[in-house]
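> Just passing along the structure, written as structure tokens.
Throughout, read-outs are computed from the coordinates displayed, never taken from laboratory work. Just so it is clear, the structure is predicted and the values come from calculations on it, not from any experiment. Neighbour counts are summed over all protein chains in view; Cβ atoms, including those assigned to glycine, are modelled from backbone coordinates with ideal geometry.
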Amino acid sequence: MVSQGLSFFQRGYTCGGGGNLSLKLPDGNILATPTGSCLGRLVEDELSVVTLNGELVSGKKASKEVGFHLDIYRSNAAVNAVVHLHSTYLTALSSIDHSEKENVIEAFTPYYVMRIGKLPLLPYFRPGSNEIGKEIAKYTSQGYTAVLLANHGPVVTGTDFINASDNAEELEETAKLKFLLEGMNVRFLTEPEKEALSGMKS
Ligand SMILES: [Zn+2]
């Protein structure tokens, strides 16, 4: 988590104190980035360990956004890691007033289909609000890999920490391509093409 946080920071996926990471430990507790921490300057001994109910086990106090990470773990036992970033292109996308909110990125690469599939846009909530986790859990309980918080950024899950990190990077890259392709005659994947990818993992 320390090295991946630094990697996200150095490659511009996050800046300042934005974003937070968590993963499920073998004993069922959750390892999370501490409150106010910068992903580029995480210290192993300071990482927070909390129970699924949010009680601190060791380390510093967890991020104020850890609540929605816990809601996600409780919503779907297959989720073993959560990556939340304020990455540039996805945060830009989250700040557009989309009329269609069920999926704000129509598929134009197979990798997006294999890793994410659909990206719902959730309403705006004050950061740290308890409502965020309830809204996210509605989607993660149905098997969605990622959601986009309006005027905020992406929340991406994975079967393990590397998988969640790779999913987050693929999603940010897809959003960047979406902006690059703005106004162009994009060839989107057809329904049969998407169906042929179902069950495939990149
Ligand atoms: Zn945030």
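> Of Val147, Val82, Val43, how do they rank once you tally other Cβ atoms within 10 Å and put the fewest first?
Ascending Cβ contact count within 10 Å gives the list Val43, Val147, Val82.
> Still on this structure, please answer the following. Looking at the chain as a GNM with Cα springs under 10 Å, which of Pro127, Pro192, Pro154 has the largest mean-square fluctuation?
Fluctuation is largest for Pro192.
> Using a Förster radius of 25 Å, what is the FRET efficiency between Ile162 and Asp27 based on their Cβ-Cβ separation? Nearest 0.05, please.
After rounding to 0.05, the efficiency reads 0.80.
> Sticking with this one: What is the angle, in °, between the Cα long axis of helix 130-140 and the longest principal axis of the Cα atoms in the chain? Nearest 10 is fine, range 0 to 90.
Value to nearest ten degrees: 50.
> Could you run the Karplus curve 6.51 cos²θ - 1.76 cosθ + 1.60 with θ = phi - 60° over the range 72-84 and give me ³J(HN,Hα) per residue in whole Hz, x for Gly and Pro?
Here the 3J(HN,Hα) series is 5, 4, 5, 7, 7, 5, 7, 7, 10, 7, 9, 10, 10 Hz.
> Dipole magnitude of the chain about its Cα centre, charges +1 at Lys/Arg Cβ and -1 at Asp/Glu Cβ only, in debye to the nearest 20? The partial results should precede the final answer.
Numbers: 18 positive and 23 negative charges, 49 e Å.
Approximately 240 debye in magnitude.
> Along Cα→Cβ, 7 Å out, is where each label goes; now give me the distance between the ones at Ser7 and Lys176 in nm to one decimal.
For Ser7 paired with Lys176, the spin-label model returns 1.5 nm.
> Which longest uninterrupted range of the chain lacks any GluC sites (Glu not before Pro) assigned by DSSP to a loop state (not H, G, I, E or B) and surrounded by at most 11 other Cβ atoms within 10 Å? Mind showing how you got there, number by number?
On the way: sites that count: Glu55, Glu100, Glu102, Glu182.
Between exposed loop sites, the widest span is 103-181.
> Of the trypsin sites (Lys or Arg not before Pro) in the range 40-98, which ones lie in a loop per DSSP and count no more than 15 other C-beta atoms within 10 Å? Can you show the working numbers first?
Details: sites: Arg41, Lys60, Lys61, Lys64, Arg74; in loops: Lys60, Lys61, Lys64.
Loop-located and lightly packed - Lys61, Lys64.
> Obtain the nm distance between the two label points defined at Thr35 and Tyr111 by a simple spin-label model: each point lies 7 Å from its Cα along the Cα-to-C-beta direction.
Placing both labels 7 Å along Cα→Cβ, they lie 3.8 nm apart.
> Oh, and also: Comparing Ser165, Ser129, Ser48, which has the greatest mean-square fluctuation in the GNM of the chain with Cα pairs linked when under 10 Å apart?
With Cα springs under 10 Å in the chain, the top fluctuation among Ser165, Ser129, Ser48 is at Ser129.
> Among Thr145, Thr157, Thr35, which one moves the most in a GNM of the chain with springs linking Cα atoms closer than 10 Å?
Residue with maximal mean-square fluctuation among Thr145, Thr157, Thr35: Thr35.
> In the range 93-188, what is the count of Lys pairs whose alpha carbons are under 21 Å apart, counting only pairs at least 8 residues apart or on separate chains?
Value for the range 93-188: 9.
> Given R₀ = 35 Å, what would the calculated FRET efficiency be for Asn185 paired with Ser95, taking r from the Cβ atoms and rounding to 0.05?
It comes out at approximately 0.90.
> Alpha carbon centre of the range 43-105 versus the range 149-187: separation in Å?
The distance from the Cα centre of the range 43-105 to that of the range 149-187 comes to 15 Å.
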